[in-house]
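Chemist: Have a look at this one.
The values are calculated or read from the model by the stated rules, or taken from the named source; none is laboratory data. Being a predicted model, the structure only gives us computed values, none of them experimental. Backbone-built Cβ (ideal geometry, glycine too); neighbour counts: all protein chains shown. For accessibility, only protein heavy atoms count, side chains too; no ligands or nucleic acids. Shrake-Rupley method; radii C 1.70, N 1.55, O 1.52, S 1.80 Å.
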Amino acid sequence: MKRTKIVDIFNPAIVGTEVDVKGWVRTRRGNKYVQFVALNDGSTVKNLQIVFDMSRFSDDDLRAVTTGASIHVEGRLVESQGKGQTVEVQADTLEVYGTADPESYPLQKKGHTLEFLREKAHLRPRTNTFGAILRIRSTLAYAIHRFFQERGFFYLNTPLITASDCEGAGAMFQVTTLPLDKLPKTEDGRVDYSKDFFGKSTALTVSGQLEGELGATALGAIYTFGPTFRAENSNTPRHLSEFWMIEPEMAFYEIEDNMDLAEEFVKYCISYALDNCRDDIDFLAEHFDPELVSRLKFVVDNEFVRLTYTEGVKILEESGRKFEFPVHWGTDLQSEHERYLVEEHFRKPVILTDYPKEIKAFYMKQNEDGRTVRAMDVLFPKIGEIIGGSEREADYDKLMTRITELDIPMKDMWWYLDTRRFGTVPHSGFGLGFERLVLFVTGMTNIRDVIPFPRTPNNAEF
Ligand code: 4AD
Ligand code: MG
């Protein structure tokens, strides 16, 4: 018989037929006449109830059917008499694939803390919570590709190993095959990277944007969707050392077009999850965050507030609030400032624009005032910054001046500057932190719980 996934079992048309199901045992309970097994195969948050009539099975047959064991059952799908489920399977046959010793299987019953489960990241996908999160994550990834493909954007794969620091923050993981205990040295005593694998110093990328701009100024509109690495020592609930970023880049887009696209994009993703992951979202709402669904709908249904950094700082200064990090014009905004604007002042997502050039990257378009750049950050409730982007400086001379001011090594940048030398155009783009979107949609509060195997300072287990 062909296996039926549990997600497809709850279909009224197949009630009364013989089914073949496989999965992992969540619980077993019952008495000497009848035993009930809750079976889950990962295809849905719902468990399937399997009923063993103990006049047809022996205690021995069921001994190995404990929490975590994998089994294969054939039987008849019938409407359920009991509470809590619509259908159940009356077992005819039972095959145990693999046992899970109750003494050592860590996921006994329910009620483990998220912290405990982080230590068991190899098994936590088997819990309802992580099953729900990982299914939502997968659906969101699909929604992202759909959104861009439907609008004629091309998916561009940018390199993970690079010699340039896009964000200029110096937070890169070095990539080298040089022997660390016996480094080759140049005459003046520096490390001789000409002997390294690529003949120069390389690192893991912090962003695909620079290559994305090459794509956009050729194909018109592109997006990247890939892993990104940052060696910043920030142990917060919103930072990972390895995260996934989506970076669209569009020729002929100015900052307003960029903001419109960003707003439409995140709304599309959230709607898509509401329409396609409702069981999982409802499960997470019930167990972690009763306001989750209303918060998601609120973001989809309301226009984001748009204002400048200067206006935002004024609101913060006049708020009378004592922030941990004092705020004045010129300071980089901290999560507490972003969340004040979003959660307390406007009570809506906010797009903040025109930041001081000193706190933003070299590639952003310079405003007439000489002090600010055409940056845009999208700020979300509970998250803070979910998107960072800008219109790009398209003028060769202005860009060169900024590169010189910031002392960015030119030898690694010539190819980027060629976009401004040959057929330069106004263009814009942004980066969405995928895990921050998944955080928002799942209502989780720690970014370590929305990626299967988190990488953070001092943690590369699994
Ligand atoms: O604001 P960021 O640093 O912008 C860039 O990298 C640009 N090159 C994007 C572009 O214009 N194409 O990062 C973009 C987003 C942030 O808004 C945040 O959501 C996420 O990436 N992000 C992180 N997510 C998890 N862990 C980290 N350490 C992150 N750093 C940034
Ligand atoms: Mg940013």
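Chemist: Step by step: first the residues of segment 222-258, then only those that are closer than 28 Å to Thr445 by Cα and among the aliphatic types (A, V, I, L, M), then the one that is farthest from ligand 2 (Cβ to nearest atom). Which residue is that?
Modeler: Ranking the candidates gives Ala231 first.
Chemist: Only one residue in Ile386, Ile351 is closer than 19 Å to Phe298 by Cα and within 11 Å of ligand 2 (Cβ to nearest atom), so which one is that?
Modeler: Of Ile386, Ile351, the one residue that is closer than 19 Å to Phe298 by Cα and within 11 Å of ligand 2 (Cβ to nearest atom) is Ile386.
Chemist: So, in segment 1-29, how many residues would count as being without any contact (Cβ under 8 Å) to a residue 24 or more places away in the chain and under 22 Å from Ala69 (Cα atoms)?
Modeler: 4
Chemist: Counting only residues that are in a loop (DSSP other than H, G, I, E, B) and either of a type in the set (Lys, Arg) or at pLDDT 95 or above (or both), which one in segment 143-171 is surrounded by the fewest Cβ atoms within 10 Å (Cβ to Cβ)?
Modeler: Gly152
Chemist: In addition: Could we say that Arg455 is of a type in the set (Lys, Arg), open to solvent by 10 Å² or more (accessible area, probe 1.4 Å) and in contact with a Ser or Thr (Cβ under 9 Å, 6 or more places away or on another chain) here?
Modeler: Yes; evaluated as a whole, the condition is true for this residue.
Let's see how each residue does on (1) open to solvent by 70 Å² or more (accessible area, probe 1.4 Å); (2) within 37 Å of the chain's Cα centre (by Cα); (3) not aromatic (Phe, Trp, Tyr):
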site	(1), (2), (3)
Leu77	no, no, yes
Lys83	yes, yes, yes
Glu88	no, yes, yes
Glu95	yes, no, yes
Gly98	no, yes, yes
Asp101	yes, yes, yes
Pro106	no, yes, yes
His112	no, yes, yes
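Chemist: Sticking with this structure for a sec: If you check Val65 against the conditions, is it surrounded by 14 or more Cβ atoms within 10 Å (Cβ to Cβ), β-branched (Val, Ile, Thr), over 36 Å from the mean Cα position of the chain (by Cα) and at pLDDT 95 or above?
Modeler: For Val65, the condition - surrounded by 14 or more Cβ atoms within 10 Å (Cβ to Cβ), β-branched (Val, Ile, Thr), over 36 Å from the mean Cα position of the chain (by Cα) and at pLDDT 95 or above - is not met.
Chemist: Could you tell me whether Ala251 is more than 21 Å from the chain's Cα centre (by Cα) and open to solvent by less than 40 Å² (accessible area, probe 1.4 Å)?
Modeler: Criteria met by Ala251.
Chemist: Does segment 245-255 contain at least one residue that is in contact with a helix residue (DSSP H, G or I) (Cβ under 8 Å, 6 or more places away or on another chain) and in a loop (DSSP other than H, G, I, E, B)?
Modeler: Within segment 245-255, one or more residues are in contact with a helix residue (DSSP H, G or I) (Cβ under 8 Å, 6 or more places away or on another chain) and in a loop (DSSP other than H, G, I, E, B).
Chemist: Moving to a separate point now. Could you list, in sequence order, all residues of segment 421-449 that are within 19 Å of Phe229 (Cβ to Cβ), open to solvent by 10 Å² or more (accessible area, probe 1.4 Å) and away from ligand 2 (no atom under 14 Å from the Cβ)?
Modeler: Within segment 421-449, just Arg448 meets the criteria.
Chemist: Turning to a different aspect of this structure: Can you confirm whether Lys398 is buried (at least 17 other Cβ atoms within 10 Å of the Cβ) and among the basic types (Lys, Arg)?
Modeler: Here the answer is no, as Lys398 does not meet what is asked.
Chemist: Further, regarding this structure: Look at segment 4-17 and say how many of its residues are loosely packed, with under 13 Cβ neighbours inside 10 Å and not in a helix (DSSP H, G or I).
Modeler: Selection size over segment 4-17: 3.
Chemist: OK, next. Listed residues Glu311, Glu264, Glu213; which is farther than 28 Å from Leu341 by Cα and either in contact (Cβ under 8 Å) with a residue 40 or more places away in the chain or not small (Gly, Ala, Ser) (or both)?
Modeler: Glu213
Chemist: If you don't mind, there's one more thing I want to ask. Quick one: Leu140 ticks every box in (1) free of Cβ contacts under 8 Å to residues at least 60 places away in the same chain; (2) under 19 Å from Gly443 (Cβ atoms) bar one, so which box is it?
Modeler: Unmet for Leu140, out of (1) free of Cβ contacts under 8 Å to residues at least 60 places away in the same chain; (2) under 19 Å from Gly443 (Cβ atoms): (1).
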